1. Please name all residue pairs, on different chains or six or more residues apart, with Cβ atoms under 6 Å, provided the first residue is in the stretch 35-49 and is under 14 Å from LYS15 (Cβ atoms) and the second residue is part of a strand (DSSP E or B) and modelled with pLDDT under 95.
2. How many residues are polar (S, T, N, Q) and under 18 Å from LYS4 (Cα atoms) when one looks only at the stretch 25-70?
3. Quickly run through the stretch 28-46 and pick out the residues that are under 10 Å from the mean Cα position of the chain (by Cα) and not hydrophobic (A, V, I, L, M, F, W, C).
4. For the chain, which strands (runs of 3 or more DSSP E) that fit wholly inside it have 2 or more residues that are open to solvent by 70 Å² or more (accessible area, probe 1.4 Å) and of a type outside the set (A, V, I, L, M, F, W, C)?
5. Suppose we keep only residues that are of a type outside the set (Ser, Thr, Tyr) and in contact with a Gly (Cβ under 8 Å, 6 or more places away or on another chain) within the stretch 33-53. Which one would you say is farthest from ILE21 (Cα to Cα)?
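The values are calculated or read from the model by the stated rules, or taken from the named source; none is laboratory data. What you are looking at is a predicted structure, and each value in this text was computed from that prediction instead of being measured. Counting neighbours? That spans all protein chains shown, and the Cβs are built from the backbone with ideal geometry, glycine included. Protein only, heavy atoms only, side chains kept; ligands, DNA and RNA dropped before computing areas. Shrake-Rupley method; radii C 1.70, N 1.55, O 1.52, S 1.80 Å.
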Amino acid sequence: MPAKGKIKIDGEYCKSCGYCIEHCPKKLITLGKVYNQAGYYPAEFSGGECTGCAICALVCPEACIEVWRE
């Protein structure tokens, strides 16, 4: 059984670059609908079967994504 993962995105530091969205193999990250204080739509974890691969955290230029595996 594959490991289950969970990610946390700090929306105040996200600059909506979309790298995490583009590189998530399960397509579990989307852009939010509410601006952050800097005027960007931050990425959001949509839930689902995250594997905890951490690709999203590796490609994030702002280092605002944390990944945990169970």
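1. That search, which allows pairs on different chains as well, returns nothing.
2. Within the stretch 25-70, the subset polar (S, T, N, Q) is 30, 36-37, 46, 51.
Retained after the next criterion (residues that are under 18 Å from LYS4 (Cα atoms)): 46, 51.
Adding up the residues that qualify gives 2.
3. From the stretch 28-46, those under 10 Å from the mean Cα position of the chain (by Cα) are 28-31, 42-46; that's our starting set.
Scanning the stretch 28-46 gives THR30, PRO42, GLU44, SER46.
4. Because the criterion is at least 2 residues that are open to solvent by 70 Å² or more (accessible area, probe 1.4 Å) and of a type outside the set (A, V, I, L, M, F, W, C), the strands (runs of 3 or more DSSP E) in the chain that meet it are 5-9, 65-69.
5. Among them, the one singled out is ASN36.
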